[in-house]
Amino acid sequence: GEVSEQEIMDIVKEHPVVVFSCDVCNLNMYCWAAITILETEVYGVKPHKVDLTEPMKATLQRMTKQTTAPFVYIKGKFVGGYDDGPEPWMGVVKIRNTEERDLALMLTDAYDNDTEYRVKGMHHHLKPSKIWRAPRRPDYYPKNTLPLQYCAALNLTW
């Protein structure tokens with residue numbers, strides 16, 4: 001089975017974010033890492049994962065001039081792999097780390113700027129809440145040594 005460029009473009013047009021990844025990448029983790037970045041950059045992004053077959057990979061290499069997986073498409077546009085691509089700006093990591101192209105914006109744009117897809121900060125389960133500190137005993141705080149008349153004048157309370 002030869003896979004035509006049309007078949008690939010059909011898959012790409014159907015989903016806002018598509019990642020063509022391969023099983024072999026469980027060894028070098030690039031596909032997994034690219035997918036993780038895409039999922040964590042913006043709320044609600046679920047990249048459509050397509051497992052690469054050899055004929056599909058051959059067609060993608062011909063279309064994109066890129067030799068290695070993953071092949072990432074955002075809003076029907078090829079943006080490279082994990083940290084590289086045929087053009088110098090390409091690669092999910094590079095797009096995320098450079099100023100002129102904003103990965104979060106590209107992703108929200110792919111999802112039609114739906115308000116649901118807000119740009120993420122740190123994962124909520126990693127975000128430190130208020131730091132818990134053991135309550136201090138009252139004698140921990142220094143006594144107010146100013147005479148009372150100064151306190152009133154300086155607007156101090158204790």
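The values are calculated or read from the model by the stated rules, or taken from the named source; none is laboratory data. From a predicted model like this one, the values you see are computed outputs, not experimental measurements. Methodologically, a virtual Cβ is constructed for each residue, glycine included, from the backbone with ideal geometry; neighbour enumeration extends over all protein chains shown. Ligands, DNA and RNA are excluded from the accessible area calculation, which covers all protein heavy atoms including side chains. Shrake-Rupley method; radii C 1.70, N 1.55, O 1.52, S 1.80 Å.
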ask   = Looking at Lys57, is it more than 20 Å from the chain's Cα centre (by Cα) and in contact (Cβ under 8 Å) with a residue 60 or more places away in the chain?
value = no
key: Meets criteria (in contact with a Lys or Arg (Cβ under 9 Å, 6 or more places away or on another chain) and assigned to a helix (DSSP H, G or I)) for Ile11   = no
request  = Give the number of residues within region 34-63 that are open to solvent by 10 Å² or more (accessible area, probe 1.4 Å), assigned to a helix (DSSP H, G or I) and closer than 14 Å to Ser4 by Cα.
outcome  = 8
key: Whichever residue in region 46-62 is out of contact with any strand residue (DSSP E or B) (no Cβ under 6 Å at 6 or more places or on another chain) and within 24 Å of Tyr111 (Cα to Cα) and, among such residues, is modelled with the lowest pLDDT   = Lys46
ask   = Under the condition of being farther than 18 Å from Ala33 by Cβ and open to solvent by 70 Å² or more (accessible area, probe 1.4 Å), which residue from region 88-101 is farthest from the chain's Cα centre (by Cα)?
value = Pro88
